[in-house]
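Colleague: Following this message is one structure expressed as structure tokens.
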Amino acid sequence: MSGQHHPEPESYAAIRTKAIESLLIEKGLFTGDAIDAKVQAFENDIGPMNGAKVVARAWLDSGYRKRLLTNGREAISEMGFADTQGAELVVLENSPAVHHVVVCTLCSCYPWSVLGLPPTWYKSHAYRSRVVIEPRKVLKEFGLELDDSVEVRVWDSNSDIRYMVLPERPDGTEGMPEEKLVELVSRDCMLGVAKAKTPTQVG
């Protein structure tokens with residue numbers, strides 16, 4: 001993503017984590033590549049898989065979809081993905097007329113229970129400062145161009161309320177089973193910076 005990025009002071013937890021990581025590598029217990037691979041798995045696969053299952057269920061089950069949009073935290077808990085952080089979880093439904101995007105302008109509040117670890121770009125100053133001012137430009141940098149007729153709404157997460165996007169169900173998915181629909185859902189589309197994949201995009 002382009003734009004000026006101003007590094008922020010690292011937190012004590014971040015510095016401590018790096019120190020532990022360095023020690024583990026020095027002792028030969030882990031390699032840097034192994035640690036990076038594990039982090040990537042939690043960012044892109046393991047964590048977001050929970051949210052993908054929630055989305056696929058909502059696409060197939062109108063009753064569940066209604067409960068999800070009414071009380072996200074409660075509906076997500078039905079599937080065993082309870083959020084231990086205690087924050088309210090609001091699910092925003094994308095449509096042909098309205099597209100939702102999630103950010104946390106103050107820090108990096110994020111629905112870990114359904115999306116796993118927050119990606120680096122979500123925590124960056126560039127994304128947090130720019131997406132609220134020029135959302136269409138930022139989305140374009142992610143590869144998502146929306147028609148001018150589509151209203152873009154940006155939602156700012158905080159310690160009390162976290163947001164997750166219910167993306168539009170792609171065309172050509174009629175009759176697909178839930179486990180196949182899950183494969184179409186990415187972390188980025190549940191944050192609103194992408195759309196769900198089509199069946200042809202996943203092969």
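The values are calculated or read from the model by the stated rules, or taken from the named source; none is laboratory data. Note that the coordinates shown come from a computational prediction; the quantities given were computed from them, not determined experimentally. Glycine also receives a Cβ, built like all others from the backbone with ideal geometry; neighbour counts cover every protein chain displayed. Ligands, DNA and RNA are excluded from the accessible area calculation, which covers all protein heavy atoms including side chains. Shrake-Rupley method; radii C 1.70, N 1.55, O 1.52, S 1.80 Å.
Colleague: Got at least one residue in the range 134-141 being basic (Lys, Arg), out of contact with any strand residue (DSSP E or B) (no Cβ under 8 Å at 6 or more places or on another chain) and open to solvent by 50 Å² or more (accessible area, probe 1.4 Å)?
Modeller: First, pick out the residues of the range 134-141 that are basic (Lys, Arg): 136-137, 140.
Pick out the ones that are also out of contact with any strand residue (DSSP E or B) (no Cβ under 8 Å at 6 or more places or on another chain) and you get 137, 140.
Now narrow it down to the ones that are open to solvent by 50 Å² or more (accessible area, probe 1.4 Å): 137, 140.
Taking every residue of the range 134-141 in turn, at least one turns out to be basic (Lys, Arg), out of contact with any strand residue (DSSP E or B) (no Cβ under 8 Å at 6 or more places or on another chain) and open to solvent by 50 Å² or more (accessible area, probe 1.4 Å).
Colleague: While we're looking at this one, here's another question. Given (1) of a type outside the set (D, E, K, R); (2) under 19 Å from Val193 (Cα atoms); (3) open to solvent by less than 20 Å² (accessible area, probe 1.4 Å), identify the lone condition not met by Leu68.
Modeller: (2)
Colleague: Quick check on Phe30: is it in contact with a helix residue (DSSP H, G or I) (Cβ under 9 Å, 6 or more places away or on another chain), aromatic (Phe, Trp, Tyr), in a loop (DSSP other than H, G, I, E, B) and modelled with pLDDT under 65?
Modeller: yes
Colleague: Another question about this same structure. Which members of the range 126-160 meet the condition of being within 20 Å of Pro111 (Cβ to Cβ) and either in a loop (DSSP other than H, G, I, E, B) or at pLDDT below 95 (or both)?
Modeller: Listed by number, the residues that qualify are Val131, Val132, Phe142, Ser157, Asn158, Ser159, Asp160.
Colleague: Further question: What tally of residues in the range 179-203 results from selecting those that are in a helix (DSSP H, G or I) and of a type in the set (Lys, Arg)? If you could, list the steps in order and put the result at the bottom.
Modeller: If we filter the range 179-203 for residues that are in a helix (DSSP H, G or I), which is where we start, we get 179-182, 188-190, 199-202.
Right, trim to of a type in the set (Lys, Arg) and you get 180.
Within the range 179-203, residues that are in a helix (DSSP H, G or I) and of a type in the set (Lys, Arg) number 1.
Colleague: Select from the range 67-102 the residues that are assigned to a loop (DSSP other than H, G, I, E, B) and closer than 29 Å to Val138 by Cβ and list them in ascending order.
Modeller: Residues of the range 67-102 that are assigned to a loop (DSSP other than H, G, I, E, B), as a first pass: 71, 79-87, 94-97.
Answer for the range 67-102, where residues must be assigned to a loop (DSSP other than H, G, I, E, B) and closer than 29 Å to Val138 by Cβ: Phe81, Asp83, Gln85, Ala87, Asn94, Ser95, Pro96, Ala97.
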